[in-house]
Amino acid sequence: MSDLNQVTLTGRLGRDPENRAAGAGTIWKFSVGVAESKKDGNEWVNETKWVEVEAWGDKRTGAPPCEARKGSAVFVSGKLDPQSWEDRVTKEKKYKTVVKASVIRTLEQPSRGDNRERAHHPEQGRPGNADRRTASGPQGSNGPPAGWDDIPDF
């Protein structure tokens with residue numbers, strides 16, 4: 001059996017995407033809140049788990065990986081990337097895991113007159129990966145199955 005590093009999330013952006021220059025490209029960072037329900041005694045309790053996401057911007061313009069803003073519903077697919085560093089003050093080793101997104105899709109219906117494609121494949125924006133897509137599904141990408149654009153707000 002071979003290992004697989006793949007994660008798929010649907011949730012809402014916790015903040016507007018923020019960018020920083022990285023070599024020949026732009027990296028966008030944002031958080032996605034994923035709702036989770038669990039039973040506490042006889043009652044169901046809703047909790048939000050926050051996941052950090054990083055994605056490459058458009059390779060020519062550095063534009064963000066999607067048109068989503070804080071509160072927007074999104075689909076994110078990518079790989080887990082465990083990171084570690086030493087705290088400058090305490091010298092303690094710190095850890096976090098982020099999702100390196102390869103597909104980001106807004107799940108909200110486009111506003112009237114907005115017929116632009118809402119999916120973005122951040123790997124296209126990474127230097128040296130021009131227009132690279134893996135044909136693994138009916139859409140010819142690693143994106144969600146056909147029809148996900150039609151999901152109403154949740």
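Let me confirm something: among Asn115, Asn142, which residue is polar (S, T, N, Q), more than 18 Å from Asn19 (Cα to Cα), at pLDDT below 75 and within 15 Å of the chain's Cα centre (by Cα)? Give the steps one after another, and end with the answer.
Working: Asn115 fails: within 15 Å of the chain's Cα centre (by Cα).
Only one candidate qualifies: Asn142.
List, please: which pairs have Cβ atoms under 8 Å, are six or more places apart or on different chains, and start with a residue in region 59-76 that is at pLDDT 90 or above and end with one that is part of a loop (DSSP other than H, G, I, E, B) and aromatic (Phe, Trp, Tyr)?
Ala73/Phe154
The values are calculated or read from the model by the stated rules, or taken from the named source; none is laboratory data. Please read these numbers as outputs of a predicted model, since none were measured by experiment. A quick note on method: Cβ atoms are made from the backbone with ideal geometry, for glycine too, and the neighbour counts reach across all protein chains shown.
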